[in-house]
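This report concerns only the one structure given below.
The values are calculated or read from the model by the stated rules, or taken from the named source; none is laboratory data. Fair warning: this is a prediction, and the values are worked out from it, not measured in the lab. Methodologically, a virtual Cβ is constructed for each residue, glycine included, from the backbone with ideal geometry; neighbour enumeration extends over all protein chains shown. Heads up: the accessible areas ignore ligands, DNA and RNA and are worked out on the full protein's heavy atoms, side chains in. Shrake-Rupley method; radii C 1.70, N 1.55, O 1.52, S 1.80 Å.
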Amino acid sequence: MMTPGSVRPPPPPRAGMKAALALLLVAVCLSGPCGADPEESSVLTVTSDNWTLILEGHWMVEFYAPWCPACQQIEADWENFAKRSSGLNVKVAKVDVTQQPGVSGRFFVTKLPTIFHAKDGVFRCYHGSRMVEDLHTFIAENKWNVIEPVAGWKSPSSVLMAGMSGLFYLSGWIRQTHNYLTGPLGMSAWCSYIVFILATLIIGLILGLMLVLLIDCFCPAKAKYEVLRSDIPTEDIQEVEKDLGDKKVSDNEEESEEDDDDDDEEEKDEKAEGNEEAGSSNTEGSGENSAAEGSGAEEEGDVGTHVPPPSTPETESALRQRKSEATAESGH
């Protein structure tokens, strides 16, 4: 029983103290071996910075995408194969095509998943089963020797595949830009397409202008002609021009002489035709005179029934020809 003025002792530790001790023990376990990080993956992640490591040594490389169902199915087998690869003297790697489009372009990956075998820079595409046992047998029994290697021009280290890598990287950048325009900026898909079309036209015009300027700088046609003309002596140029002038004059004279000869021949032909027509008209006139004499004799017998013969078209044409000749001679 407490008396006035006495001090009350503190209560003994109860449930609150027990809870604090339990939390302390949990923290110690997490900071110790119980909270150690999970085991790291045995598969090496290949990027555009370290892809040249595949050119040396013995490798098996998988190209995958996180959204690919087939890639997700073989993920566990690929990890187990990587753990067992230490006894086979082979290294196992993987490439995420969504994050490394340039590396996938170098290998020209068109389907997922794709597995490549690499031995000292010589690449072969693996088309067999993706089970752990089959992969292990493929390396242990050297079955990769029966597969035809990738051609040299399609090798990832070739210049052509380097250009292909740039195209794949550009396509990835365009995809990311499209997602940014349609996502955070809230643009419609058609507006994004119009932006890319305009950008393509502007870039094409700029490149075309640069090409024209380079051609004008390195291939100046007018300046080249002036340099060649300056190399020829002035006397030779004058002689060539004089020869060209004389040749033109002679050509003109020959043409005029040919024209005169043609005119003379035409005049001769016309005169010959006129003489022939005149002769024919004379013969026709003599025939008419004889016919007139015969008709005179008949007139004596029967004057009342005489009718003058009608003029033929030939005599009229002959008269017209004579008139035209007379007028032509008077004009000359």
* DSSP-defined antiparallel bridges as percent of all bridges, region 58-136, nearest 5 -> 65
* Structure fact -> For region 72-198, averaging the sequence separation of alpha carbon pairs under 8 Å that lie six or more residues apart and dividing by its residue count, the contact order in percent is 27
* To do: Please give the FRET efficiency for Arg320 paired with Asp243, using the beta carbon to beta carbon distance and R0 = 56 Å, rounded to the nearest 0.05.
  => 0.55
* Structure fact -> Applied in sequence order to region 46-55, the curve 6.51 cos²θ - 1.76 cosθ + 1.60 (Karplus, θ = phi - 60°) yields integer Hz couplings, x standing for Gly and Pro, of 9, 10, 5, 8, 10, 5, 5, 4, 6, 6
* Protein chains only, probe 1.4 Å: how do Leu205, Leu160 rank by accessible area, largest first? -> Leu205, Leu160
* **Net charge, Asp120 excluded, C-beta distance under 13 Å - Lys, Arg +1, Asp, Glu -1** => +2
* Ignoring any ligand, DNA or RNA, what whole percent of the accessible area of region 95-209 comes from carbon and sulfur when the probe is 1.4 angstrom? -> 66
* Structure fact -> Rounded to the nearest whole number, the Stokes-Einstein translational diffusion coefficient of region 68-196 at 37 °C and 0.692 mPa s (Kirkwood radius, C-alpha pairs) in µm²/s is 193
* Using θ = phi - 60° and the Karplus form 6.51 cos²θ - 1.76 cosθ + 1.60, what ³J(HN,Hα) does each residue of region 124-136 get, whole Hz, x for Gly and Pro? -> 9, 8, 8, 10, x, 5, 9, 6, 4, 5, 5, 5, 5
* Structure fact -> Net charge near Lys143 (other residues with Cβ under 12 Å of its Cβ; Lys, Arg +1; Asp, Glu -1) is -1
* Structure fact -> Once phi for every residue in region 140-145 is put through the Karplus expression 6.51 cos²θ - 1.76 cosθ + 1.60 (θ = phi - 60°), the whole-Hz ³J(HN,Hα) values, with Gly and Pro written as x, are 5, 9, 6, 6, 5, 5
* **Accessible area of Lys91 in the full protein assembly, 1.4 Å probe (Å², nearest 10)** => 120
